[in-house]
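Heads up, the thing below is written out as structure tokens.
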Amino acid sequence: MIKKLFIVPLLAILFSFCSPKKSTFETDKLIGVWSGLLFQTESKYDSLVLSPATGTTNAYLYSKGKETIHHLNRKGTDLGFKDATGLRFDAFLSHDEKMLHGVLTHDLWAQSLNFQKRGMQWVAKIHKPEIIDTDYLVYLELYKDSTGSVQANIQSNKENRELHFTIDKVLVEGNHIEFKITNDRFGVSAIYDPEKKNMSLTYGNAGGKREIQLEKLNADQLKGYLPRSPHENYVYEIPKAPDSAMPTASLEDVGINKSLLDLMDPKNNKNLEHIHSILITKSGKLVFEEYFHGYNREYLHDVRSAFKSMASLAVGKAMMLSHKLQVENAILDYYPEYNIKDVRKKNITVHHALTMSTGIQLEDEDKMQWEHEDWVGHKLNLPMEHEPGTVYEYSSGGSHLLSGVIQKSVDTYLPLFMYDELLLPMEIHNFQMLTSPQGRGYLAGSFYIRPIDFTKFGLLVLNKGKWKGKQLIVESWMEESIKPHIKGSWPKNSDYGYLWRLLEREVGGKRMKTIEAWGNGGQFLIIIPEIEMTITMTGGNYNLFPEMEDRPFSILNEYILPAVQLE
């Protein structure tokens, strides 16, 4: 069963040491930031080759030089294969057969593939997945407090380690360093070699024990540890246009005061801890795009539950293609394989799933994914607690019920539908999507996308479903999805649309309505229709409250929104 990628399994790891003895070196040699690679996820597959390019019949999947051959099933311009292990490939050719786009699914993840025609073959490189433990660097900072005692802080480039533990005390005995931490389910120790001037870190948890080599970093090597270098003089530059659909401009061109740039002052580094990106558009133009902790434009980021709002748009797109799909339709109509006898569950509609009001008992999302093969079945078989439509209760399992609704309405594998009908028209070519063991795309979160592409969904909302002059999603759905349908629970008594939070914020001294998508860890897309503005943020403060919201919102309310100059 799938493990939550942002939580490392836990276990008590005990370390024993010899009799206390004084350090064999000057502890000043320890002072500084040390770093090493704790985890690294590799790509299971290297490339996929389809042959021949015309009348394609076979797929050649390569893994570390080894080739496996899969016969392709073809129906019109659609082609693919799947086996009993869950490995599957789904793709579609353009009608002129000049372009091929596909999705490879394995180990409960679907990822986009971009093919190029080379001679008589279609070839796609399979990139390493950008999950949380891909290239997971650990940073160990050793410093001396006011009493001269050695203290330490441990962090990563991906997430805020305070979710797991902090270091309370450092004991140096000989060349051995023991770290007393706030969670006895972990164990951390190190050995310093004064001759080689390097450090070996031992890190233990339920997954076993890892020993990694740490390198002491110079001041110019702290890019992943600190949000920004404290010695770097920030110079604002107009962002580069990502594509033809998103022009750029300066802040002043769109009426944003440069006081906003105070957030980039090194003294504000604390506020930017585990903020990974901030992007701003106004009047349809990209005016601010900055990344922190070593992130960059091309890095795919997990937008977590903010993807629920994108799922709402996917429902609207499915309605355009299948007029039989209506919000009044019963959810169980799309799941005839389940023998559900509760009459109240038969009254749960698509509308209820879109408004977090199915009335089904709230699931434990972690247990749902770790302990059950069928996530939809698990949710549907929980007892009813409320009449459908009467009580808002935030539920990932409830919103995931929409997966079968979309997939059966459009008769297309959900990740491929997302790619073909929503992403590619917006020039979005790279994504990763969690899938369930039942082969359903997970609509509640764990969707990886570039922040600049996440921003495009905000522009799509502002343009009422239109993209580059084409009505990508019907305007009536865009209007319906951002109307208040129920009162949410956080913020208390706030309005909630179809998987969108509908709030108010003070912009340039004036209260304005906003449309917002929120995700665990600090993933936010904030849309302000009155001034045609979007703010995108991504971060790594997973499961940390109130840091998850406080840091991004303090930046938003202290620097970004006050800088907007109203006419």
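Only one residue in Val327, Val315 is crowded, with 22+ Cβ neighbours inside 10 Å, in contact with a helix residue (DSSP H, G or I) (Cβ under 8 Å, 6 or more places away or on another chain) and either in a strand (DSSP E or B) or of a type in the set (A, V, I, L, M) (or both). Which one? Only one candidate qualifies: Val315. Residues in the range 211-251 that are of a type in the set (D, E, K, R), over 27 Å from the mean Cα position of the chain (by Cα) and exposed (fewer than 12 other Cβ atoms within 10 Å of the Cβ): Asp220 alone. The set of residues in the range 433-451 that are buried (at least 20 other Cβ atoms within 10 Å of the Cβ) and of a type outside the set (Ser, Thr, Tyr) comprises Met433, Leu434, Arg440, Gly441, Leu443, Ala444, Gly445, Phe447, Ile449, Arg450, Pro451. When the residues of the range 479-493 are filtered to those that are modelled with pLDDT of 95 or more and in a loop (DSSP other than H, G, I, E, B), which remaining residue is surrounded by the most Cβ atoms within 10 Å (Cβ to Cβ)? In this case the residue turns out to be His485.
Considering the range 63-85, and only residues there that are of a type outside the set (Lys, Arg) and outside any strand (DSSP E or B), the residue that is nearest to Leu416 (Cα to Cα) turns out to be Thr77.
So, in the range 283-300, exactly how many residues are assigned to a strand (DSSP E or B), farther than 10 Å from Ile452 by Cα, of a type outside the set (Asp, Glu) and in contact with a Ser or Thr (Cβ under 8 Å, 6 or more places away or on another chain)? Give the steps one after another, and end with the answer.
As a first pass, look at the range 283-300 and keep what is assigned to a strand (DSSP E or B): 285-291.
Next, from what is left, pick out any that are farther than 10 Å from Ile452 by Cα: 285, 287-288, 290-291.
If we keep only those that are of a type outside the set (Asp, Glu) too, we end up with 285, 287-288, 291.
Those still in the list that are in contact with a Ser or Thr (Cβ under 8 Å, 6 or more places away or on another chain) too: 285, 287, 291.
So the answer is 3.
Here the condition is being of a type in the set (S, T, N, Q), out of contact with any His (no Cβ under 6 Å at 6 or more places or on another chain) and touching a residue at least 24 places away in the same chain (Cβ under 8 Å); of Asn233, Asn257, it holds for Asn257 alone.
Scan the range 94-106 and tell me whether some residue there is in contact with a His (Cβ under 7 Å, 6 or more places away or on another chain), closer than 21 Å to Gln407 by Cα and not assigned by TED's automatic domain parsing to the domain that holds Tyr413.
To start, the set of residues in the range 94-106 that are in contact with a His (Cβ under 7 Å, 6 or more places away or on another chain) comprises none.
No, the range 94-106 has no match at all.
Does Ile473 satisfy the condition of being without any contact (Cβ under 8 Å) to a residue 40 or more places away in the chain and assigned by TED's automatic domain parsing to the domain that holds Glu530? No, not satisfied. Scanning the range 527-546 for residues that are among the hydrophobic types (A, V, I, L, M, F, W, C), in a strand (DSSP E or B) and within 24 Å of Leu163 (Cβ to Cβ) gives a single hit, Met537.
The values are calculated or read from the model by the stated rules, or taken from the named source; none is laboratory data. Since the model is a prediction, treat every value here as computed from it, not as a measurement. No Cβ is skipped: glycine too gets one built from the backbone with ideal geometry, and neighbour counts run over all protein chains shown.
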